[in-house]
1. Scan the stretch 111-139 residue by residue and report those that are open to solvent by less than 100 Å² (accessible area, probe 1.4 Å), of a type in the set (A, V, I, L, M) and closer than 30 Å to Asn32 by Cβ.
2. Restricting to the stretch 115-130, give me the number of residues that are modelled with pLDDT under 95 and part of a helix (DSSP H, G or I).
3. Give me the pairs, please: first residue somewhere in the stretch 115-128 and farther than 9 Å from Leu145 by Cβ, second residue anywhere and modelled with pLDDT under 95 and open to solvent by less than 60 Å² (accessible area, probe 1.4 Å), beta-carbon distance under 8 Å, and either six or more positions apart or on two chains.
4. Counting just the residues of the stretch 33-42 that are open to solvent by 40 Å² or more (accessible area, probe 1.4 Å) and not small (Gly, Ala, Ser), which one comes out farthest from Trp76 (Cα to Cα)?
5. For Val48, all conditions in the list (1) under 30 Å from Gln101 (Cβ atoms); (2) without any contact (Cβ under 8 Å) to a residue 12 or more places away in the chain hold save one; what is the number of the exception?
6. Looking at the stretch 59-72, which of its residues are surrounded by 18 or more Cβ atoms within 10 Å (Cβ to Cβ) and closer than 15 Å to Gln109 by Cβ?
7. Just the residues that are surrounded by 13 or more Cβ atoms within 10 Å (Cβ to Cβ) and either in contact with a Phe, Trp or Tyr (Cβ under 9 Å, 6 or more places away or on another chain) or assigned to a strand (DSSP E or B) (or both), please, taken from the stretch 43-58.
Amino acid sequence: MEVCPEGLTLIQDIATRIHKCQGAALIIDYGNVGSQDTLRAFQRHKQVNVLSYPGNVDVTADVDFGAMKNAVNVDWNRLQLQQTKATTTTTSSSSSLSGVQIVEAFGPQTQGQFLTSMGAVERTIQLIEDDKTSDEQAEELYTALERLVSYDEMGERFKVLAIAQKKDGIFAPPG
């Protein structure tokens with residue numbers, strides 16, 4: 001089982017920053033929902049055994065987006081509510097938590113879904129159809145879009161998790 005406590009702490013630090021300063025965050029990486037055996041190593045752009053050349057290979061693992069989402073939506077928000085409740089009970093007799101702003105993680109969804117919902121296809125078509133775009137540039141634009149959104153390329157393997165402060169009347173990020 002692959003666990004990254006530092007990654008969960010980092011995502012909670014990001015939630016805290018969003019809570020204090022507003023804004024939002026997009027986390028984009030290759031990964032899955034749930035822990036899986038994804039530990040692998042690369043040397044000279046080829047996958048090799050993790051233990052084949054200790055200290056001379058790049059070791060990597062997929063991000064567990066489910067754990068990251070849980071670290072914000074459950075763990076971080078629970079802590080914020082506990083802190084707010086403790087503060088309100090010591091400063092007043094009211095224990096209402098209705099004014100607490102929560103930070104929420106949305107997704108994850110595939111990079112292909114996210115970019116498509118953000119208008120990547122329409123924008124690429126617009127650029128390709130521009131009179132100033134050469135045939136070579138048009139081919140490069142098409143190839144780049146295909147690589148980013150295609151199921152067989154990065155579109156499925158990479159995931160997107162959005163983190164933002166939840167507010168009434170504000171819709172969730174696309175997808």
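The values are calculated or read from the model by the stated rules, or taken from the named source; none is laboratory data. Note that the structure is predicted; figures quoted are calculated from it, not measured. Here the Cβ is made from the backbone with ideal geometry for all residues, glycine too, and neighbour counts use every protein chain on show. Quick note on the areas: whole protein, heavy atoms, side chains included, nothing else; ligands and nucleic acids left out. Shrake-Rupley method; radii C 1.70, N 1.55, O 1.52, S 1.80 Å.
1. Leu115, Ala120, Val121
2. 1
3. Within 8 Å, the pairs are Ser117/Pro174; Met118/Pro174.
4. Step one: of the stretch 33-42, the residues open to solvent by 40 Å² or more (accessible area, probe 1.4 Å) are 33, 35-37, 39, 42.
With the extra rule that they be not small (Gly, Ala, Ser), the set shrinks to 33, 36-37, 39, 42.
On the way: Val33: 19, Gln36: 24, Asp37: 26, Leu39: 27, Phe42: 35 Å.
Among those that are open to solvent by 40 Å² or more (accessible area, probe 1.4 Å) and not small (Gly, Ala, Ser), it is Phe42.
5. Here Val48 meets the rest and fails (1).
6. Across the stretch 59-72, the qualifying residues are Val63, Phe65, Met68, Lys69.
7. We begin by selecting, within the stretch 43-58, every residue surrounded by 13 or more Cβ atoms within 10 Å (Cβ to Cβ); these are 43, 48, 50, 57.
Passing the criteria: Gln43, Val48, Val57.
Each row is one residue, and each column tells you yes or no for (1) open to solvent by less than 70 Å² (accessible area, probe 1.4 Å); (2) outside any loop (DSSP other than H, G, I, E, B); (3) over 27 Å from Lys166 (Cβ atoms); (4) modelled with pLDDT under 90.
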| site | (1), (2), (3), (4) |
| --- | --- |
| Leu10 | no, yes, no, no |
| Asp13 | no, yes, no, no |
| Thr16 | yes, yes, no, no |
| Val74 | yes, yes, no, yes |
| Gln80 | yes, yes, no, yes |
| Thr87 | no, yes, no, yes |
| Ser96 | yes, no, no, yes |
| Val100 | yes, no, no, yes |
